Amino acid sequence: MTDSAATTTAPASAPTIKPKVSSEDWIMRAVLVGIALYLIVSILLPLYAILSKSFKDVDGAFVGVANYAKFFSTPALFWSIQNSLTVTLICCVIVVPVAFLYAYALTRTCMPFKGFFKGVALIPILMPSLLPAIALVYLFGNQGLIKSWLFGYEIYGPIGIVMGESFYVFPHVLTILLISMANSDARLYEASTALGASRIKTFFTVTLPSVRYGLVSAFFVCFTLVITDFGVPKVVGGKYNVLATDIYKQVIGRQDFEMGAVVSMVLLLPAVLAFAADRVVQRKQVALLSARAVPFQPQRNPATDGLMFAFCGVVGFILISILGVAAFASFAKFWPYDLSLVLNHYNFDLMDGGGWDSYFNSIELAAWTAVIGTALVFTGAYLVEKSNGFLAGRAGLQLLCMVPMAVPGLVLGLAYVFFFNAPGNPLGFLYHTMPILVICTVTHFYTVAHLTAVTALKQMDAEFEAVSASLKVPFYRTFFRITVPVCLPAILDISMYLFVNAMTTVSAVVFLYSPDTSLASVAILNMDDAGDIAPAAAMGMMIVITAAAVRLLHAILTRGILARTQAWRKR
């Protein structure tokens, strides 16, 4: 009787016991929430501020879509959309095939001097986009050395924009295609040869399909970089208006902040669509290199190798020539009448638009961006990939990390003006200071750095954290003694990426600097506006020299560190 009573009163199932959240988990969640709050303040709230500004008049009253109606009914503004799309698509049609052939030559042929050509192709990364545009003025401008090569056309307009943007985006597109072509299965090529397929048929049936996702991604990256760039069209655009320069003209020239917000929203749309399409394409990409794959080794073919060497030689010559012209122009006394070499143009303190303080401010900005940005990015990526539980928070942070890549620099900078300079904002004290420049720059380049860190962390097995937890080792000790040393190459790459981009960026900071925080890239813009083109070229060369020197110093100093921390990779 007692047993049956006990049986009838027993619960049908045992209650679910939730796992206990340890103090370390709470710490990790708190840090994760802190990084998420940083991104909310640095990207989402400013975007909301600029969006709301586009629906208001000069007095702050809500006017609905009246500003947009004015934009689309103003021919000069509306045609900027077509102009932007035209030069952008032309650049994509030119750059993607050229970069593809260049990457093909470096990965699928046995041509000589591959390392040299790869280094030459990365030269534009060290240059602000203003500098190649200035070099084009010296080559094809009214006093250009070879202006007759344009057959009566002038550099100021779509021709100049396409030429400058093609130079500027080439290394970015090439990097994607090199990664896409880096790994291939030799068995596919052996099968194609065994079936009697010609080299051309093999190219179209094996090579192209294996890199199709890389090609599509390269196209969207090229599209986004060109349509959002400000430096090249500012220097050589002339009367050919594009969306990026329209934002600058509306804000700086006319002080029409509401219309500047409208143009920013219009520019944001194609950038977001291109980014979304790129993410969809990357999700569809599947692994083409199996565990049984045989690494592809290119075979010598004198005809193909010679042809690719000649092609890379022409492209490399163009890249070096642009840099060489900019360097020579910075020393030429009075172009083109007196080409004797002097140092007068490097006396920046006597020039309108910027002095040596601007150069040192840029170094300070780049250093802070590299240190703070690397720590913030890698910590956030670690918490997304390696922390336990809190799935909603980790997914939310991952989504926030993707937002900055879709936002053009000019839009982000103008959004900061509306947000941080708003009356009553407790963060208003940051406006026109070095910290806001650092925040803006870190946020602008956050996504690429985050993806680099995530890629490195995904290569580490989760057992590291599991074993540490079973041994009661604090997560921070595992982080500093195992995770950081193993991922040190990626961490150093992130720091260099942030440093170089902080030195060369202009669009994201052109609305945020003050007389005390003027930057070298902004000084180039101001000097060019003032007619001091040679000093502008000189300041651009200082950025190139600094970025190259820091890269070299970085490689030398880290060689010993990597030899020590990465010794486990070698037998």
Entries of Lys70/Lys239; Lys114/Lys458; Lys386/Lys472; Lys147/Lys239; Lys147/Lys234; Lys56/Lys249 with Cα pairs more than 26 Å apart: Lys114/Lys458
Label point distance in nm, Phe78-Arg279, each placed 7 Å from Cα along Cα→Cβ: 3.2
Thr505, Thr175, Thr245 arranged by Cβ crowding within 10 Å, fewest neighbours leading: Thr175, Thr245, Thr505
For the stretch 295-387, size of Cβ-based charge dipole, Lys and Arg +1, Asp and Glu -1, in debye: 420
Give, in nm to one decimal, the length gained when the segment between Leu89 and Ser514 is fully stretched (0.36 nm per residue of separation minus the Cα-Cα distance). 149.4 nm
For the stretch 294-379, state what percent of all Cα-Cα pairs lands in each successive 5 Å bin, counting from 0 Å until the bin that includes the largest distance. 3, 10, 9, 10, 11, 10, 11, 12, 10, 8, 4, 1, 0
Neighbour-count order for Ile40, Ile81, Ile543, Ile125, fewest beta carbons within 10 angstrom listed first: Ile40, Ile125, Ile81, Ile543
Only Lys, Arg (+1) and Asp, Glu (-1) charged, at Cβ; the stretch 18-156 dipole about Cα centre in debye: 400
List Val232, Val87 from most exposed to least, where exposure is judged by having the fewest other Cβ atoms within 10 Å. Val87, Val232
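Since every read-out is calculated from the coordinates, none of them should be taken as a lab result. It should be emphasised that the depicted structure is a prediction, and the values quoted were computed from it without experimental measurement. In this analysis, Cβ positions are derived from the backbone assuming ideal geometry, glycine residues included, and neighbour counts consider all displayed protein chains.
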